[in-house]
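Beneath this line is the structure, given in C-alpha cells, with notes to follow.
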Amino acid sequence: MAAGASGAEAGCSEACFLSTVCKAAEAQPGLGSGQRKASHAAVICAPRLDYRTSKKSWLDAREPIGPGGYPAWGFVVVRTYYASEEQWQAFRKRLDVFCNAQIDEEIGEGLQYAKDTLEFKMIEDPRLEGVGHTQARKHFHAARTMGDVAAGLDLDLMILVDEDVIKSFLADGAQSSSGTSSPYLVAVDVTESPSEGTPEGYPGFFRVSMDALLSELYPKLCMGLSAKELWAMLGDGQVLWIGDDE
C-alpha cells in the first residue's frame with residue numbers, strides 16, 4: 001500500500017484482486033459507470049478484516065446471481081496488429097499463461113472460478129490495422145453502445161494490442177522498441193480524447209506491465225481511480241506502469 005492512501009483505499013487490499021472479482025457480481029446493469037464504481041468501493045471496503053480472511057469469506061459467501069452464475073470480469077481489447085496470425089495466436093496463449101500464473105499466486109478458494117470468469121473482449125477487424133488510440137477508442141464506445149461490453153469489463157480504460165505489444169510478449173528477453181524487455185499492454189483512457197500539449201502532459205494512455213494487469217490495475221479501476229490518476233503514478237523516467245506494488 002502506498003503511503004498517504006485515502007481512507008477508502010486504506011480499508012481495502014488493492015493487492016487482493018480476487019475481492020475485486022467478487023464485487024463484480026454486485027454490478028447492476030441499470031447503473032452508470034460512476035455509480036457502479038462507488039458501489040464497488042463500498043462493497044470491498046465494508047469489512048475491515050485482514051485481507052486474506054476477507055478474501056476467503058467473500059468467495060465462500062457469494063451467491064450466484066442467477067443460472068449463469070457470476071458475471072465476467074476483465075478488459076476490452078482492441079487488436080490493431082494483423083501482419084501475422086501465428087504471432088497473434090502465440091500472444092493469446094502467452095496472455096493466458098501469464099494470467100493463470102498471476103491468479104495462482106493468490107491464496108484461498110475460488111481461484112478456478114476467477115480463471116473461468118476472466119474475459120478479454122476482443123474487438124478484431126483487419127481494417128483496424130495500425131490505427132491509433134483515437135480510432136480504437138471509438139470502436140470501444142461502439143461496442144459499449146451496442147451492449148457488447150459486460151459490466152465487469154466496462155471500465156475507464158481499454159487495452160490496445162499493437163505490434164510492439166506482440167513483440168514484448170514474444171521477445172524472450174529482447175528489448176522492444178518501447179525500451180523494455182518485459183511483456184506489457186497499452187492502456188487507453190476511454191473517458192476522453194486528451195488533446196496534445198495539455199498542461200499536465202497527460203497523453204491518454206500508458207504502458208502496463210503484464211505482471212500488474214490483474215493484481216494492480218483492475219482493482220484500482222474498480223475502486224474508482226481514473227485512468228489519468230493511474231497514469232500519474234508513473235515515476236520520472238518510468239516506462240511501465242506497475243501500480244504501487246514493490
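Each reported figure results from applying straightforward, stated rules to the coordinates on display, with no laboratory input. What you see is a predicted model; the values in this text were computed from it and never measured. Neighbour counts are summed over all protein chains in view; Cβ atoms, including those assigned to glycine, are modelled from backbone coordinates with ideal geometry.
Find out how many positive minus negative residues lie around residue 182, taking Lys and Arg as positive, Asp and Glu as negative, among other residues whose Cβ is under 11 Å from that of residue 182.
0
The local environment of residue 206, defined by Cβ-Cβ distances under 12 Å, has a net charge of 0 under the rule Lys, Arg +1 and Asp, Glu -1. Projecting the alpha carbon convex hull of region 71-231 along each direction and taking the average yields 10.0 nm². Residues 123, 159, arranged from fewest to most other Cβ atoms within 10 angstrom of their Cβ, appear as 123, 159.
Of the GluC sites (Glu not before Pro) found in region 98-166, those that fall in a DSSP loop while having at most 15 other beta-carbon atoms within 10 Å are 105, 109, 124, 129. Among residues other than residue 97 with Cβ under 12 Å from its Cβ, the summed charge is +2 (Lys and Arg +1, Asp and Glu -1).
Each label point was placed 7 Å from the Cα along the Cα-to-Cβ direction; for residue 89 and residue 115 their separation is 2.2 nm.
Looking at region 78-172, none of the chymotrypsin sites (Phe, Trp or Tyr not before Pro) sits in a DSSP loop with at most 11 other Cβ atoms within 10 Å of its own Cβ.
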